[in-house]
Amino acid sequence: MKYIRDPKRIRDVLGENVQFLQGDMACVYGGLLSGCSFFAGYPITPASEVAEGMARLLPRVKGTYIQMEDEIGSMAAIIGAAWAGAKSMTATSGPGFSLMMENYGYAVMTETPCVIVNVQRTGPSTGQPTLGAQGDMMQVRWGTHGDIEAIALAPSSVQECLDFTIEAFNLSERFRNPVCVMTDGEIGHLRERIIIPDEKDLKLLERVPATIDKNKFIPFTKSQTHNSKVPDFPTFGTGYHTYVTGLTHNKKGFPATDKQKDHEELIERIVSKISDERKKFTMMERMNLDDAKIAFVTYGATARPAETAMEIAREKGIKVGILRLQLVWPFPKEAIEELASQVKKIIVPEMNLGQIVHPVREYSAGQCEVVSAPKIGGEMHLPMELFKYLEA
Amino acid sequence: MVIVKTAEELNKKYLRDGMWPTIFCNGCGNGVVLEYTLWAIEELGLDMDKVVFTSGIGCSSRLPGYINADGLHTTHGRAIAFATGVKAANPDLHVVVFTGDGDCTGIGGNHFIHAARRNIDLTVILINNFIYGMTGGQLAPTAPVGSIATTAPYGNIEHPFDICLLAKALGAAYVARWPVFHPYQPIKSVKEGIQKKGFSLLEFLAPCPTEYGRYNKLGDVKKHWEWYENNTILIEEYEKIMMYGTEEEKNQVKQMIQVGVFQNIEKPEFFTEYHKLLERIADKGGKPAKK
Amino acid sequence: MIVITDDWCKGCGICIERCPLDALEESEKLNRRGVHPPQLKENNNCNYCRLCELLCPDLAITVLPDKDRKEESKKQPKQPMLRPVGGRIK
């Protein structure tokens, strides 16, 4: 029995249009609205609520929920389900994300669409399970072995948790790559008012299914039906007899482990299919940047105290602006370069010891001073702490 | 209904063009298990568009690459978890998992235990050659006490894993173990395993003359295959001898490996029960039980 | 009669060893791998049991029944038959 997305049933299950909701549950709502039909997860604080929400709501829209035996099995199951035609999703936190790295790389190599919600918490190791952090931002880009291109979104509010989960499904279907939604323990457990978008305002993307003659279809090359580096998707069970492997493979999918040219061609296509289109799907918010002399570059939870600090500073006459990254990877180099040419100082507040400050410094190319404002230990920055950086 | 009568017709129907002959060494049991699976599928008359093969990493896991059907060659030990996802998204597919002794009982032990416990409708064909063959002959969890491997050069001091007993304890629907030197029982067993609605485990004792045979001085291909004949015994015969045999006979058979069908029961399958759950909550309007 | 795909044979010798009627032997020709594929002996008692075809790990042997099959199968095997599982008949 295959899943068919029924908008009316989904709306009946989600309830009213305006609700007071937790961040984790907003990710569940975003998944259901996108047509997610398979969730495999493992309990971990602070992401257990995503699994619990899915366990309650997914059977009511006729989807499938399984609690797997560990995070490795969860990631494996969502890739398998994606190949059998489902939109699949999992949710975890730091320790689980570290376990998922091998299969995350497998999903990139086999070009499988899936969504991972990482509700970050302090690390390393078990850390502080109930307190939030932003310590996995580099791991999502470089955590798996080998060369990949990562797509990661960082919501700053509960409404964005819902919207960005829908956007994550769209991006993963468009590029056939896993997409991570990097919330954190603070936003994940925060309750705020959200508005569920109407059906007519929702724009959902589906993977392009393979439709051409089975003898002519080549599974791992540029699309044969439209102009894109992303191949059409031969779902299992439709008769295409695809061989999917994590080994380096040639265009037909068979192992070519001793051929340098095949590997180069494959990995360059997998990376460039995303990086070529980066400017078209990048997302960021600019606040008060027109006449700013100092700027915050923030993402996720730290955008909230930064906004308050900016307002305090503006009242005192200091010209401050904020560039809030909504899509953190692939990194928006041009925006940072342009900003660095305009301002004298960039401050990057982060709930880690300084991770995104490094690409910011790299792409500002020495045009201005780049200062890191780290805070670890599970507490968010206070606006007055950030204000001190502005005065200095 | 059997349409194909000879090996030549079998290979045209089921194998991918240009992939044969296999990468397996001469005398390897993997090629033989592949044949038995293909004969079983032929006798069942399955639609190859609806069969999906998943596998882990190792010599045994190269098998899906040769078969002309959808194949998923995954990471080491996780084949069963991937297969669970495939089955969940489309329960009409027949999912067959090829895995090895190191892949399933070593790194993949946890996934195996839980898939068997949940009784997911998979057919797991575990090809047991007592060694990690693909990487050069390291010790495997199923290796007998005293055997030699590259990472146990002075003899193995660990006790081996009896995976069929574990599967039986977990309540798997169909559990069987066969050696590969005679074709008819394995083919029948694979048929029963695929038809069974529930978790089926088929363990095949396959010889590895290049690694295991060489390190343990079991001789060439001929002698190695004979070793299996001399050291395996049917479960029913073993029990008969244990009950009625003389002391000498009992000592002779105690060290032998038991083969045959260990368990064949009817048990509710996971996705059948899940769909019943969906119907149950749809009737009641979908309110979950209060905490 | 049997048909061998020469280039697929890996020379493991399982077919020759396992034939219950001892009807196969190594041929003189060499295939692409440098091994001798099997061939039927001059005076053979092949009764079309197809064990060689079922046991070959590379699907290299195909057994095709001849017309005078019924007569062939009446001949008794000269060596004792292998028991289906377990050890040989002593």
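The values are calculated or read from the model by the stated rules, or taken from the named source; none is laboratory data. Keep in mind that this is a model prediction, so the values were computed, not measured. Every residue, glycine among them, receives a Cβ derived from its backbone with ideal geometry; neighbour counts consider all protein chains shown.
Remarks
- Selection within the stretch B:204-218 - farther than 18 Å from C:Cys15 by Cβ and assigned to a loop (DSSP other than H, G, I, E, B): B:Cys208, B:Asn216, B:Lys217, B:Leu218
Every residue, every condition in (1) modelled with pLDDT of 95 or more; (2) touching a helix residue (DSSP H, G or I) at 6+ places or on another chain (Cβ under 6 Å); (3) surrounded by 24 or more Cβ atoms within 10 Å (Cβ to Cβ); (4) more than 9 Å from every other protein chain (Cβ to nearest Cβ), yes or no:
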residue: A:Glu16; (1), (2), (3), (4): no, no, no, yes
residue: A:Pro46; (1), (2), (3), (4): no, yes, yes, yes
residue: A:Arg56; (1), (2), (3), (4): no, no, no, no
residue: A:Ala77; (1), (2), (3), (4): yes, yes, yes, no
residue: A:Gly85; (1), (2), (3), (4): no, yes, no, no
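- Considering A:Ile212, A:Ile187, A:Ile267, the condition of being part of a helix (DSSP H, G or I), of a type in the set (Val, Ile, Thr) and more than 24 Å from A:Ala107 (Cβ to Cβ) is satisfied by A:Ile187 alone.
- For the stretch C:16-28, the candidate set comprises residues that are away from chain B (no Cβ under 11 Å) and closer than 19 Å to C:Asp58 by Cβ; within that set, the residue that is surrounded by the most Cβ atoms within 10 Å (Cβ to Cβ) is C:Cys19.
- Residue count for the stretch A:88-129, restricted to those that are within 23 Å of A:Leu33 (Cα to Cα) and out of contact with any Pro (no Cβ under 8 Å at 6 or more places or on another chain): 7
- B:Tyr212 being in contact with a helix residue (DSSP H, G or I) (Cβ under 9 Å, 6 or more places away or on another chain), buried (at least 19 other Cβ atoms within 10 Å of the Cβ) and hydroxyl-bearing (Ser, Thr, Tyr): yes
- Condition check for A:Gln355: more than 24 Å from the chain's Cα centre (by Cα) and not β-branched (Val, Ile, Thr): no
- Odd one out for B:Lys223 among (1) away from chain A (no Cβ under 14 Å); (2) surrounded by 17 or more Cβ atoms within 10 Å (Cβ to Cβ); (3) not polar (S, T, N, Q): (2)
- Breaking point among (1) surrounded by fewer than 18 Cβ atoms within 10 Å (Cβ to Cβ); (2) within 14 Å of chain C (Cβ to nearest Cβ); (3) within 24 Å of B:Leu34 (Cβ to Cβ), for B:Leu205: (1)
- Considering residues of the stretch C:29-63 that are touching a strand residue (DSSP E or B) at 6+ places or on another chain (Cβ under 7 Å) and among the aliphatic types (A, V, I, L, M) only, the residue surrounded by the most Cβ atoms within 10 Å (Cβ to Cβ): C:Ala60
- Apart from one condition, B:Arg118 fits all of (1) over 16 Å from the mean Cα position of the chain (by Cα); (2) closer than 19 Å to B:Val51 by Cα; the exception is (2).
- Of the numbered criteria (1) surrounded by fewer than 24 Cβ atoms within 10 Å (Cβ to Cβ); (2) within 8 Å of another protein chain (Cβ to nearest Cβ); (3) farther than 23 Å from B:Pro207 by Cα, the one B:Gly18 fails is (2).
- Counting only helices (runs of 4 or more DSSP H) that fall entirely inside the stretch A:93-176 and contain at least 2 residues that are among the hydroxyl-bearing types (Ser, Thr, Tyr), the qualifying elements are A:101-109, A:158-175.
- Selection status of B:Asp92, under 22 Å from B:Gly198 (Cβ atoms) and surrounded by fewer than 19 Cβ atoms within 10 Å (Cβ to Cβ): yes
- Taking the stretch B:136-166 as the range and being touching a residue at least 40 places away in the same chain (Cβ under 8 Å), part of a loop (DSSP other than H, G, I, E, B) and over 19 Å from the mean Cα position of the chain (by Cα) as the test, the residues that pass are B:Gly136, B:Gly137, B:Ser147, B:Ile148, B:Thr150.
- Looking only at the stretch A:234-264, and only at residues there that are out of contact with any Ser or Thr (no Cβ under 9 Å at 6 or more places or on another chain) and assigned to a helix (DSSP H, G or I), the one that is surrounded by the most Cβ atoms within 10 Å (Cβ to Cβ): A:Glu264
- Residues of the stretch B:1-56 classified as in a helix (DSSP H, G or I) and more than 15 Å from B:Val96 (Cβ to Cβ), total: 10
- Taken over the stretch B:226-256, the residue count meeting the criterion of being within 11 Å of chain C (Cβ to nearest Cβ) and either closer than 30 Å to B:Asp121 by Cβ or assigned to a loop (DSSP other than H, G, I, E, B) (or both) is 6.
- Leading residue by the ranking (farthest from the chain's Cα centre (by Cα)) among those in the stretch A:223-252 that are within 17 Å of A:Pro113 (Cα to Cα), within 14 Å of chain B (Cβ to nearest Cβ) and not polar (S, T, N, Q): A:Tyr243
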